[in-house]
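Rule-based calculations on the coordinates, nothing more; no lab input. Remember, predicted model here, so these are calculated numbers, not experimental data. Quick reminder, even Gly has a Cβ in these numbers, built from the backbone with ideal geometry, and neighbours come from all protein chains shown.
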Amino acid sequence: MANDLNYVANTVEGFVLSASIREAIGQTINLGSGREVGIGELAKLIGRLVGREISIETEAERVRQTEARSIASLPTTRWHGSS
């Protein structure tokens, strides 16, 4: 599974800005960084940062047949967060 991760402060700022834009009324707002990271990749990165080798266990019945992705699409975005 791949995700688009955000800082909480950037998400809150996005909500506040969205609420102040008249054109956003009634629109779906997808806040994100536009950068994709896989959960396994993230776990391994954290392991390297803390100096530990990470072993990832998966259960066959939980593995998705297609890759799930949760990534913000930024082409129509006019504002990008500071972090």
Response to the item:
For the range 1-40, the count of residues that are part of a helix (DSSP H, G or I) and within 30 Å of Ser55 (Cβ to Cβ) equals 3
Worksheet, complete the sentence: When the range 2-31 is checked residue by residue, the ones that are more than 29 Å from Leu42 (Cα to Cα) and either in contact with a Lys or Arg (Cβ under 6 Å, 6 or more places away or on another chain) or exposed (fewer than 10 other Cβ atoms within 10 Å of the Cβ) (or both) are Ser20, Arg22, Glu23, Ile25, Gly26
Practice prompt. Enumerate the pairs (first residue in the range 25-53 and touching a residue at least 24 places away in the same chain (Cβ under 8 Å) and under 16 Å from Asn10 (Cβ atoms); second residue anywhere and charged (D, E, K, R) and surrounded by 13 or more Cβ atoms within 10 Å (Cβ to Cβ)) with beta-carbon separation below 8 Å, excluding pairs fewer than 6 apart on the same chain, so at least 6 apart or on different chains.
Written response: Gly32/Asp4; Ser33/Asp4; Gly34/Asp4; Arg35/Asp4; Val37/Asp4
